[in-house]
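Data block below; observations after.
Computed from the coordinates by the stated procedures, all read-outs in this text should not be read as laboratory data. Only a predicted model underlies this, so the values are computations on that prediction, with no experimental measurement involved. Methodologically, a virtual Cβ is constructed for each residue, glycine included, from the backbone with ideal geometry; neighbour enumeration extends over all protein chains shown.
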């Protein structure tokens, strides 16, 4: 690939006009969109009210330039949405307006100020319907993508390992993550637990195996928008062929964590059951719907969201963090067989 064109706020209107997204001379207001941790992401709005989300993958991560990742990640994201959007449940994918593979730019529909799933969970909203829709979608994708030949189109080791290291490795190795004293002490105890570390390492090895089905790879609550016509799942740049239980495990972790942190874990039972039942129904027997495998992945995701590099606000209070860690470790050691 030749030297990448770096988009800017000032040049975005001209770029979109050159791509045929807007007429030449269109004036656009441009603002940051989303968290912008990995990619350069902007909302471009025209005077007539139309708007788009423009995302460019660059070699250095946007918020963490010390980390670099292949820009091809956005190619895999486009491929994931292209494949998944053709399924009956594909309305959960954002609509793609334009894709510039050469410059690694994805232009999508703007869902406006749709609520994020993590915000809804934080305030204790009932997200059962959204959880079921996500489960149906994931099950449909997993059930439709069991062909081993698909792995060649989703060979994405750079992003898979970058993400996998943050999920499975960093929380249970020596690190300098800032934690409250109570959580720091518990984190040190868990890092010294050889059995727990070995369990995490085994999960990581399974996560890396290119067999199973097409996996989104990051079904966290911050990547789900609750639009008027149902949830939309974003950010598929970690897409790869692997263990489908990983997708549902990450979703399960995010459905449970806020409730566990508040001391009301039973409040998450409905959404978790709905997601698992819907996922299982769409697998149609093509893959095993093993909740114990899902729960182990959920445990490691809850653990990394509490003592890893991507802590969430729900565990800011030490008591909340300790409660989440207790469930995370319990699910890793002895996962429940059913939701």
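Rounded to the nearest 0.05, what FRET efficiency do residue 290 and residue 4 give with R0 = 45 Å and r taken as the Cβ-Cβ distance? Could you check? Don't jump to the answer; show the numbers that get you there.
Details: r = 42 Å, r/R0 = 0.94.
The pair residue 290/residue 4 has a calculated efficiency of 0.60.
How far apart, in nm, are two points set 7 Å out from the Cα along the Cα-to-Cβ line at residue 147 and at residue 338?
Reported label-point gap for residue 147 and residue 338 is 3.7 nm.
Nearest 10 degrees is fine. How inclined is helix 194-208 to the longest principal axis of the chain, computing both from alpha carbons?
Rounded to the nearest ten degrees, it is 30.
Which peptide among 330-338, 265-273, 244-252 comes first, and what is the full order, when sorted by highest mean count of other Cβ atoms within 10 Å?
Working: 330-338: 14.7, 265-273: 17.9, 244-252: 28.9.
Ranked by mean Cβ neighbours within 10 Å, highest first: 244-252, 265-273, 330-338.
Which FRET efficiency value, to the nearest 0.05, is calculated for residue 205 and residue 19 with the Förster distance at 35 angstrom and r the Cβ-Cβ distance?
Details: r = 42 Å, r/R0 = 1.20.
The calculated FRET efficiency here is 0.25.
Would you mind pulling out the separation of the Cα centroids of the range 288-321 and the range 163-219, in Å?
If you average the Cα positions of each part, the centres end up 10 Å apart.
Give me P(r) over the range 63-187, computed from all C-alpha to C-alpha distances, binned every 10 Å, as integer percentages.
Computed distribution, short to long bins: 9, 26, 36, 23, 6.
Measure nothing but the geometry: give the 0 to 90° angle between the long axis through the Cα atoms of 73-84 and the longest principal axis through the Cα atoms of the chain, rounded to 10°.
90
Can you bin every Cα-Cα distance in the chain into 10 Å intervals starting at zero and give me the percent of pairs per bin, rounded to whole numbers?
Over the chain, the share of Cα pairs per 10 Å bin runs 6, 26, 34, 24, 9, 2, 0 percent.
When ranked by the protection proxy of mean other Cβ atoms within 10 Å per residue, highest first, what sequence do the peptides 36-42, 298-304, 106-112, 132-138 form? Don't skip to the end; give the middle numbers.
Working: 36-42: 19.7, 298-304: 27.4, 106-112: 18.1, 132-138: 25.3.
In descending order of packing, they fall as 298-304, 132-138, 36-42, 106-112.
Hey, quick one: spin label on residue 63, modelled 7 Å out along Cα-Cβ, who in the range 4-43 has an amide N within reach, i.e. under 13 Å?
Of the residues in the range 4-43, 33-41 have backbone N under 13 Å from the label point off residue 63.
Kindly provide the pair-distance distribution of the range 201-339 built from C-alpha pairs, with 5 Å bins from 0 and whole-percent values in order of increasing distance.
Pairs per bin, as whole percents: 2, 10, 19, 24, 22, 15, 6, 2, 0.
Taking only Cα atoms, what is the 0 to 90° angle, nearest 10, from helix 291-307's long axis to the longest principal axis of the chain?
With rounding to tens, the tilt is 80 degrees.
Say each of residue 269 and residue 309 gets a label point 7 Å from the Cα, pointing the same way as Cα to Cβ; how far apart are those two points in nm?
If labels sit at residue 269 and residue 309, their model points lie 3.8 nm apart.
Just from the alpha-carbon atoms, what are the Rg and Dmax of the range 12-109 in angstroms?
Rg and Dmax of the range 12-109, Cα atoms, are 14.0, 41 Å.
Under the 0.36 nm per residue contour assumption, what length would be gained going from the current alpha-carbon distance of residue 35 and residue 96 to full extension?
Working: separation 61, 0.36 × 61 = 21.96 nm, distance 1.98 nm.
Residue separation times 0.36 nm, minus the Cα-Cα distance, leaves 20.0 nm.
What's the extension gain from residue 177 to residue 46 if we count 0.36 nm per residue and subtract their Cα-Cα distance? Write down the numbers at each step before the final one.
Values: separation 131, 0.36 × 131 = 47.16 nm, distance 4.19 nm.
Full extension of this stretch gives 43.0 nm more.
Counting each DSSP H run of 4 or more residues in the chain as -39500 (n - 2.57), what helix-only mean residue ellipticity at 222 nm follows after dividing by all residues, to the nearest 500 deg cm²/dmol?
Values: 11 runs with 143 residues, N = 339.
Only helices count here, giving -13500 deg cm²/dmol.
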